[in-house]
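Chemist: Quick one: structure below, then a few questions.
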Amino acid sequence: MKKVLIYLLPLALLCIVSLTGCSLFDEKEKETSKQTSTEENLKDKESESEEKSKASKDGTEKSNVEKAEASKQASLSKENSTPKPKEAPKQATATSQVDWGDAWTRDIQFRHGLLKVTDKSADTFKFRIDATYSFDADAVRRGAVNFGEIEGTAKIQGNVATQTAPDPYTKCQMKFVNHTTYVEVITLNACSPGGFNVYFDGDYKKGNIPEKEIPMEDDQVENDESTEDASGVDEDNWEDEDTNQVDEDNWEEDDTETNNSEEETSSEVSVEEAQKLVEDYVDAGPDNFTEYDHEENGSYIFSYYVDGEETASLLGMYGVNLSTKQVYKVQ
């Protein structure tokens, strides 16, 4: 028994030592493994942190690049979308588009007008307008025609031309609108173009159209023919073909008739003479004028006006007796 115990004791000790060593070895291995695991964990964490940092840095850089590119694209898009100012179209010269011609006519009876265009350039031309006014055909036959005129320089803009400055005498300023077949003349301000009731406005046809002539009345033609006949010598009345003697009775009668006709003619007054009598009677000033109106009860009736800034004003009516040449006021 003792021998068994002696043999068992070393074995027990050996086992205890062996167990203790294994335990220590296991603990050491555990500690080593734990330490290694901790180090690996730290390395993994550091690696992950580095990767995250690198990823974050890469992401930031990428984000900045993307933002820069997006900003650049937005800027380019804005520049492309911004409308660029268009260049003003070049206007062609007036002469290449509009023909202002040389002459245009307001073909209206008793209100005739003639527009002449000269010295044309790319943007200007010179002009002159002559206009008339008469009441009717009888007034034209008597020479009772009023006149007005204006001239100046006009600046062209397309089919419109405007006088650059008012006329120094008439104070008128004109505008011309070219409608190809006619020119519309417009007065831009109130002015006095000349004679009573004369004006420049209206549509002027292309070309120089003469004013229509007013034919004389039948009684005027007869008077002219009788005057021509009276100027010749009637040989039958002056000389007897058979006796070659002068008929004294016919001579005396002819002399009597001639003297009577001369007295009657001397007592008559022409319209011009009567108008002069009225002007002397009323002592017409530079701004006043008279105009024949009509014939009534053996008298010529005249209108007496004062020339205002825009229109003439009637001051009164005066008559002239054809037999006595006496001037009197009608109203």
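Chemist: Roughly what would the spin-label model give for ASN288 and ASN189, points 7 Å off Cα along C-beta, in nm?
Modeler: Reported label-point gap for ASN288 and ASN189 is 3.0 nm.
Chemist: Tell me, what HN-Hα J-couplings in whole Hz come from the Karplus equation 6.51 cos²θ - 1.76 cosθ + 1.60 at θ = phi - 60° for each residue of the range 316-330, using x for Gly and Pro?
Modeler: Calculated HN-Hα couplings, in order: x, 10, 10, x, 10, 5, 5, 8, 9, 6, 7, 9, 9, 8, 7 Hz.
Chemist: Suppose the chain between LEU314 and GLN109 were pulled fully straight at 0.36 nm per residue; how much longer would it get relative to their current alpha carbon spacing?
Modeler: Full extension of this stretch gives 71.3 nm more.
Chemist: Additional query: Once you put a point 7 Å from the Cα of ASN208 and another 7 Å from the Cα of ILE6, both along the Cβ direction, what distance in nm separates them?
Modeler: My value for the distance between the label points is 17.4 nm.
Chemist: THR181 to LYS329: extension gain in nm, 0.36 nm per residue of separation minus the Cα-Cα distance?
Modeler: Stretched out fully, the THR181 to LYS329 stretch lengthens by 48.3 nm.
Chemist: Given the Cα-Cα distance of VAL160 and LEU13 and 0.36 nm per residue of separation, how much length would full extension add, in nm?
Modeler: Working it through step by step, the gained length comes to 39.3 nm.
Where a number appears in this text, it was derived from the coordinates with a stated rule and is not lab data. Predicted model only: the values in this text are computed from it and were never measured. In this analysis, Cβ positions are derived from the backbone assuming ideal geometry, glycine residues included, and neighbour counts consider all displayed protein chains.
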